[in-house]
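Take a look at the structure below.
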Amino acid sequence: MKQSQIEGNEFYENLGKLFYYIAMADKSVRAEEIDKLKTFIRKYWLDVDDIENEYGEDAAFQIEAVFNRLLEYEADAEGSFGEFKSFYTNHKDKFNSYIKVLILDTSNAIANTVYGKNKAELIALANLQLLFQ
């Protein structure tokens, strides 16, 4: 596997961690939030690049796989955000303005899915916004 593919997979894995953090901000993940994430992956994230995972699938599907794994094991959302934050800090070159807008749009869509954004989700979104500044 080429270095660019490895880094691409890590990129998408860390997005899965970030979106888990956003969805889990209020301590629960609803089916509608998962559906919204899947929609955004298929509608927007698959077109970001041509990187594939080790199985020949679009690497963007790593977002969903990591999100589901974290949900299944009830991972710590704050820890997931910490891992994303570390990845972002060490790989800022992978986050151009288009990617940042797509991340913010996806995060806002997830947070706004059920009853609009609650306080916990607003805080999570603000943390992301601060990171990107």
Report Rg(Cα)/(2.2 N^0.38 Å) for region 41-81, keeping two decimals. 1.32
Ranked by GNM mean-square fluctuation in the chain (Cα springs under 10 Å), the top entry among PHE81, PHE11, PHE95 is PHE95
Percent of Cα pairs exceeding the 19 Å cut-off, where the set is region 3-132: 43
Based on other C-beta atoms within 10 Å, arrange ASP26, ASP50, ASP76 from fewest to most. ASP50, ASP76, ASP26
So between THR39 and LEU131, what do we pick up on full extension, going 0.36 nm a residue minus the alpha carbon distance? 30.6 nm
Can you give the charge dipole size of region 41-133 about its Cα centre, rounded to the nearest 20 debye, using +1 on the beta carbon of Lys and Arg and -1 on the beta carbon of Asp and Glu? 580
Could you work out the longest stretch of the chain that avoids the trypsin sites (Lys or Arg not before Pro) located in DSSP loops with at most 15 other Cβ atoms within 10 Å? 31-133
For the chain, calculated [θ]222 nm from helices alone, where every DSSP H run of n ≥ 4 adds -39500 (n - 2.57): -22000 deg cm²/dmol
To the nearest 20 Debye, how big is the dipole of region 1-90 about its Cα centre, given +1 on the beta carbon of each Lys and Arg and -1 on that of each Asp and Glu? 240
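Bear in mind that the values in this text are calculations on the coordinates, not laboratory data. As the structure is a computational prediction, the values presented were derived from the model and not from experiment. Please note: Cβ atoms are built from the backbone with ideal geometry, for glycine as well, and neighbour counts cover all protein chains shown.
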